[in-house]
1. Enter the Cα centre distance for the pair the range 299-323 and the range 173-222, rounded to the nearest angstrom.
2. Once R0 is set to 22 Å, what does the formula 1/(1 + (r/R0)^6) return for the Cβ-Cβ distance between Asn47 and Met111, expressed as a FRET efficiency to the nearest 0.05?
3. Please give the FRET efficiency for Ile101 paired with Glu377, using the beta carbon to beta carbon distance and R0 = 56 Å, rounded to the nearest 0.05.
4. Ala228: net charge of surrounding residues, Cβ under 10 Å, Lys/Arg +1, Asp/Glu -1, itself excluded?
5. If you line up the long axis of helix 19-29 against the longest principal axis of the chain, both from Cα atoms, how many degrees apart are they, to the nearest 10?
6. Sum up the charges of everything whose Cβ sits under 13 Å from the Cβ of Ser326, counting Lys and Arg as +1 and Asp and Glu as -1, but leave Ser326 out.
7. Please get the size of the charge dipole for the range 326-391, origin at its Cα centre, with Cβ charges of +1 on Lys and Arg and -1 on Asp and Glu, quoted in debye to the nearest 20.
8. Any chance you could give the angle, 0 to 90 degrees and rounded to 10, that helix 131-142 forms with the longest Cα principal axis of the chain?
Amino acid sequence: MQKNKTVVIGVTGGIAAYKALDVISRLKKEDIDVHVIMTEHAAKFVNPLSFQSLSQNMVIVDMFAEPKAWEIQHISLAKKADIMLIVPATVNIIGKVANGIGDDMLSTTIMATKAPVVFAPAANTNMFLNPIVQDNIRKLKQYGYKFIEPDSGRLACGDTGAGKLADTKLITDTVISMLYDIKDLKGKKVLVTAGPTIAPMDPVRFITNRSSGRMGYAIAEEARDRGADVVLVSGPCSLNKPLGIKMINIKTNKEMLDAVKLNFETSDIVVKAAAVADYKPKKYSERKIKKSEDQFSLELEKDTDILRTLGSIKKNQILVGFAAESNDLIENAKGKLEKKNLDYIVANDIKSQDTGFASDYNKVNILCRNGKNIPLEKMSKRMVARELFNLIMKKR
Ligand code: CTP
């Protein structure tokens, strides 16, 4: 297991300050330790208590407040940080750092840290595009500070243009990929399936499996951030399309099979996290089936076991399956690993509380072809993905 990483977040005084809450909540879900420093102006936009509750750490605003421990706080946080993220970053903080000014808790911590510092600016368009601000940004970039460029759009002040805080998911993903800067999948093609498939019985009804798609998407994003070329074959789910990933949307077992077969030969690693429907209605009715009798029975026939098909044709690909079990977890998963000719299987107990399906967390065992069983503690789905690739890349 890796040691938890620490991100120190600086929140400055802009209308986008509330969006920093979402960034913190996303980082916390990845088991990252978060400390927050707010400027006094930021504390006028959002109450520090919200940041304290989400980060589960004391929030520092006043540099001269009585310290809780005998440490010089801006120095201790500056040392503790694996990354400092300033979100939102006003033109004021950018200007201060670019000119070496340290006159409050946040600016002194930025000046004192040796960790990478990332700015996610948000400002009125004219302020952001002001040549003085642009010069400051250029200067900071030359010193190695990183920027997550703001989007263009309608701003809180009513103007339209550049200056809108970048998407909070993009900000979080950028920080995570900097924290775990391993590019061990560079040059590899990773094929991932996620979400459910559906088996229609008429134009309005279908049978399906429960699946939010979260586990598969986390795997695809982890592979992308480690440098892989990623193809994600996804059944219908409500998650946003991840950036930098080739996405193929499918609905049925047959569509997933076709998409997977098309990409299988050229893939190095294939992870099948999808909840594929095992049976489909024997007859599809072109017309909506009308209710008539009190009883209605539907005849189902077996559909393709996609993973087993891949296992039977695989050459050098590393093949990973998932096993969702309600009983005899290890025994059932082992059986699937052998029957489907897999290299690894990720087994999760669907009866365990607060993990699985719609949760951001999972508690799994990873079984290996050589008989090894690796039980992981409860962790975020992204962490499960990280542990899986660590194992595949022999980093564990
Ligand atoms: N799988 C597949 N095609 C299917 C069924 C499952 O590719 N028709 C894959 C899943 O994506 C998963 C693994 O096989 O990686 C195991 O799926 P699971 O539903 O746990 O097992 P099944 O083989 O369907 O067996 P059972 O439903 O009897 O537990």
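Every number in this text was worked out from the coordinates using simple rules, so none of it is lab data. For clarity, every value in this text was computed on a predicted model and none was experimentally measured. Note that each Cβ is placed from the backbone with ideal geometry, even for glycine, and that neighbours are counted across all protein chains shown.
1. The two parts, judged by their Cα centres, are 17 Å apart.
2. Details: r = 27 Å, r/R0 = 1.22.
About 0.25, to the nearest 0.05.
3. On the way: r = 44 Å, r/R0 = 0.79.
For Ile101 and Glu377, the calculated efficiency is 0.80.
4. Details: positive: Lys183, Lys186, Lys188, Lys189, Arg224, Arg226; negative: Asp184, Glu222, Asp225, Asp229, Asp268.
Net charge in that neighbourhood comes out at +1.
5. Here the helix axis deviates by roughly 50 degrees.
6. Working: positive: Arg210, Lys351; negative: Glu325, Asp328, Glu331, Asp349.
Its environment carries a net charge of -2.
7. Working: 12 positive and 9 negative charges, 38 e Å.
Value, rounded to 20: 180 debye.
8. 70 degrees
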